[in-house]
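The structure appears below as C-alpha cells.
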Amino acid sequence: MAAVPVTTRRTSGLRSPVAYLFVLPALAIFTVFTIGPTIFTFVVSTFKWNWLNTSQNTFIGLQNYRDLVNGSTDPPFGQTMLVSGYFVVAMVVGGTVVSLALALLLRAAGRLFVAARAAVFLAHVTPLVATSIVWVWIFNPRYGLANVVLGLFGIGSIDWLGNSASAMPAVIIYSLWHEIGFTTLVFIGGLTTLSTELSEAARLDGAGRWQEFWYVTFPQLRPVVVFVVLISAVTSLQAFTQFFTMTSGGPGFDTATLGFQLYQQAFVFRKTGYAAALAVVLFAITIALSVLQLRTSRSLDRHPATQE
C-alpha cells in the first residue's frame, strides 16, 4: 500500500470537524479571556465610562485619544511616555549588557558555574510583590542596606524612593536584579549553539578576547540579542507591580509609567475611558514591537552573519 503524503494527511485533518472539536475548549477560553476583553477595551476607549453606574456612560468618540494628543490630562501623555521611555531604555540597555556579560562568565559547565546560574535565575522566579517589599526596606533612607553600603564609601544617605532624581534609578536597580536571570539564561543558551571552530581559528590568527567577542561571537549572537532586546522592551513597557509596590508612581508622577497609568487612571482617578485609550496605545506598541521582532528575525535568517 502506498504511503499517504504528510501534507495530504495534514490537509485532511484540518478539514475534519472532529479536529476543531479538540481545539474548541482552548479557543473558547482564549476568546472569553483575551479576544473579548481586547475588543471591549477598544469600545470603552470611545466612552466617558462610569464603572459604578454603566447607565451613565456617554459616547464621546475619539475624545479620549484627542486628550492623549493634546496632553490635557494629569499627568500629560507625553510625560507618561517620557517616563516609560526612560525605564524601557535603561532596562533594555542595562539588562542586555549585564546579562550578556554574566552569560559569558557563566557559560562553563562546571558545578560552580551551574550553581551560579541557578542563583542568578532564582531572583527571576521570586514573586514581584514580595521582593519589591524587601527592596523597599533596602532603600529605606534611615536604616536601609543601600545607604549602609554608600556610607562605607563616605557617601551620605539618599532618600531613594522619595526623591525625584533617585526614585526611578532605584526601581531600575531592583528590576534589573529581578529580570536579568531570564535573559542571562537565554544568552547562555545562545552561546552553546555558536561555532567553536570560528573561535579557535580567530585565536590561532592572534585575535584577543575582545576581538574574538566582537568579530566572532557577537555576530553569531545577533538573533539572540534581537530577541532579548525586544522581549525586554515589551515586558518593561508593561511593568506595573514594582511601581505600585515601591513608589505608587511617585514622587509626583516621576515613576508613573504607561503600565502604571492604566491602573491609576482607571481605579484612582476613575477615568476608565481614558485608561482604555492608554491600553489601546500600549497594545499598538506591543504589536509593533512583535512585528519588528518577527521581521528582524526573518531578515537575520535570510542574511546570517558571515565570518571571513
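The values are calculated or read from the model by the stated rules, or taken from the named source; none is laboratory data. All of these numbers come straight from a predicted model, not from anything done at the bench. Note that each Cβ is placed from the backbone with ideal geometry, even for glycine, and that neighbours are counted across all protein chains shown. In case anyone asks, the SASA skips ligands and DNA or RNA and just uses the protein heavy atoms, side chains included. Shrake-Rupley method; radii C 1.70, N 1.55, O 1.52, S 1.80 Å.
Okay, here's what the table says:
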item	result
Backbone HN-Hα couplings from phi across the range 241-246 [Karplus 6.51/-1.76/1.60, Hz, Gly and Pro as x]	4, 5, 6, 5, 7, 8
Trypsin sites (Lys or Arg not before Pro) lying in DSSP loop within the range 200-299, provided at most 15 other Cβ fall within 10 Å	R270
Amide H contacts of F47 (H built 1.01 Å from N, under 5 Å, at least 5 apart or other chain)	I60
Solvent exposure of the chain as accessible area per residue, Å², 1.4 Å probe	59 Å²
Residues whose placed amide H lies under 5 Å from that of G71, excluding near-sequence neighbours	F77
Positive-pole candidate from N50, Q293, F243, dipole of the chain, charges at beta carbon	N50
Under the span-like rule (Cα at least 20 Å along the axis, Kyte-Doolittle mean at least 1.6), DSSP H helices of the chain	77-106, 222-237
Structure-derived mean projected area of the Cα convex hull in nm²: which label, when the choices are [x] 16.1; [y] 21.4; [z] 25.8	[z]
Accessible area of the range 194-308 belonging to carbon and sulfur atoms, whole % at 1.4 Å probe	60 percent
